[in-house]
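Read through the structure below, which is laid out as structure tokens, and then see the notes.
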Amino acid sequence: MSIALQPSLFDAVADEVHVSALAGVVQRTELSSGAWVDVRPGWVSGADELFARLAADVPWRAERRQMYERVVDVPRLVCWYGEGVPMPHPSLDAARTALNGHYGAELGEQFRTAGLCFYRDGRDSVAWHGDTIGRGQREDTMVAIVSVGEPRTLLLRPRGGGGQALRYPLGHGDLLVMGGSCQRTWEHAVPKTARPVGPRISIQFRPRGVA
């Protein structure tokens with residue numbers, strides 16, 4: 001798959017893909033109802049190279065979904081890597097190892113799966129939702145999102161709406177981790193946009209039984 005990407009000026013100096021430190025650098029924002037969000041901008045250096053490799057090598061698939069009385073195209077491409085399935089790039093193994101090292105004690109378990117989404121342009125999106133299929137519906141958990149490619153805005157709001165949504169422009173190696181009750185008590189979305197935007201890939205690391 002060939003998709004044009006505007007390179008990051010900050011990423012241009014990186015000649016290989018690697019993850020940076022988290023301890024003492026990641027920034028946490030406490031939300032309501034026991035939810036929180038951690039952010040580490042530019043966590044993955046060489047992120048443009050990683051984007052190019054994932055765009056070309058991952059076996060992306062288009063899905064269709066029942067929406068009321070009709071079946072519609074899911075507005076993004078997806079791929080899922082379950083437990084024990086080799087990652088499409090060694091840097092994703094390194095990222096998961098680093099996340100487990102930093103969050104394992106707090107989470108009480110390991111990140112084990114990876115779901116990838118390819119937002120090709122501003123028409124691709126994901127609607128308001130929480131990752132509540134499985135244990136996330138009843139238990140505190142974490143979902144760690146690594147974004148490569150050009151930034152897209154991830155919105156966060158309390159479940160059911162109300163108040164102004166929090167905005168996180170994510171791309172070029174940024175990390176965002178949603179923790180505590182976030183999947184049950186808050187919702188997140190990547191909205192469509194009419195602005196000209198380039199492609200983005202998000203990698204979502206989750207523990208066993210969370211989707």
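The values are calculated or read from the model by the stated rules, or taken from the named source; none is laboratory data. What you are looking at is a predicted structure, and each value in this text was computed from that prediction instead of being measured. When we count neighbours, we look across all protein chains shown, and the Cβ atoms used for this are built from the backbone with ideal geometry, even at glycine.
With respect to Ala127, determine if the residue is surrounded by fewer than 21 Cβ atoms within 10 Å (Cβ to Cβ) and among the hydrophobic types (A, V, I, L, M, F, W, C). Break it down into steps so the answer makes sense when it comes.
On the way: surrounded by fewer than 21 Cβ atoms within 10 Å (Cβ to Cβ): yes; among the hydrophobic types (A, V, I, L, M, F, W, C): yes.
Considered against the rule, which asks whether it is surrounded by fewer than 21 Cβ atoms within 10 Å (Cβ to Cβ) and among the hydrophobic types (A, V, I, L, M, F, W, C), Ala127 comes out as yes.
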The condition from (1) at pLDDT below 95; (2) over 27 Å from Gly84 (Cα atoms); (3) surrounded by 21 or more Cβ atoms within 10 Å (Cβ to Cβ); (4) of a type outside the set (Lys, Arg) that Trp186 misses is numbered (1)
**Request:** Output yes when any residue across the range 110-132 is modelled with pLDDT under 95, out of contact with any strand residue (DSSP E or B) (no Cβ under 8 Å at 6 or more places or on another chain) and either of a type in the set (Val, Ile, Thr) or closer than 19 Å to Gly179 by Cα (or both), and no when none is.
**Result:** yes
**Item:** Residue within the range 106-124 that is among the charged types (D, E, K, R), more than 26 Å from Pro59 (Cα to Cα) and without any contact (Cβ under 8 Å) to a residue 24 or more places away in the chain present
**Value:** no
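Taking the stated definitions as given, is Gly24 in contact (Cβ under 8 Å) with a residue 60 or more places away in the chain, closer than 20 Å to Ala144 by Cβ and assigned to a loop (DSSP other than H, G, I, E, B)?
On the way: in contact (Cβ under 8 Å) with a residue 60 or more places away in the chain: no; closer than 20 Å to Ala144 by Cβ: yes; assigned to a loop (DSSP other than H, G, I, E, B): yes.
So Gly24 fails the test.
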Only one of (1) in contact with an Asp or Glu (Cβ under 9 Å, 6 or more places away or on another chain); (2) modelled with pLDDT under 95 does not apply to Arg76, and that is (2)
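Can you find a residue in the range 129-149 that is β-branched (Val, Ile, Thr) and more than 28 Å from Glu109 (Cα to Cα)?
Within the range 129-149, none of the residues are β-branched (Val, Ile, Thr) and more than 28 Å from Glu109 (Cα to Cα).
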Of the residues in the range 56-89, those that are in contact with a Gly (Cβ under 9 Å, 6 or more places away or on another chain) and either surrounded by 14 or more Cβ atoms within 10 Å (Cβ to Cβ) or among the basic types (Lys, Arg) (or both) come to Val78, Cys79, Tyr81
The lone condition Arg200 fails out of (1) touching a strand residue (DSSP E or B) at 6+ places or on another chain (Cβ under 9 Å); (2) farther than 16 Å from Ala35 by Cα; (3) at pLDDT below 95 is (3)
Given (1) assigned to a strand (DSSP E or B); (2) closer than 18 Å to Phe205 by Cα, His102 misses just (1)
Selection over the range 139-161 where residues are modelled with pLDDT of 95 or more and among the basic types (Lys, Arg) yields a count of 2
Those residues of the range 168-186 which are under 14 Å from the mean Cα position of the chain (by Cα) and part of a strand (DSSP E or B) amount to Tyr168, Pro169, Leu170, Asp174, Leu175, Leu176, Val177, Met178, Gly179
**Leu92 assigned to a helix (DSSP H, G or I) and either more than 21 Å from Tyr119 (Cα to Cα) or out of contact with any Gly (no Cβ under 8 Å at 6 or more places or on another chain) (or both)** = yes
Checked against (1) surrounded by 12 or more Cβ atoms within 10 Å (Cβ to Cβ); (2) touching a residue at least 40 places away in the same chain (Cβ under 8 Å); (3) under 18 Å from Thr97 (Cβ atoms); (4) not aromatic (Phe, Trp, Tyr), Ser33 satisfies every condition except (3)
The condition from (1) outside any strand (DSSP E or B); (2) over 18 Å from Arg120 (Cβ atoms) that Gly198 misses is numbered (2)
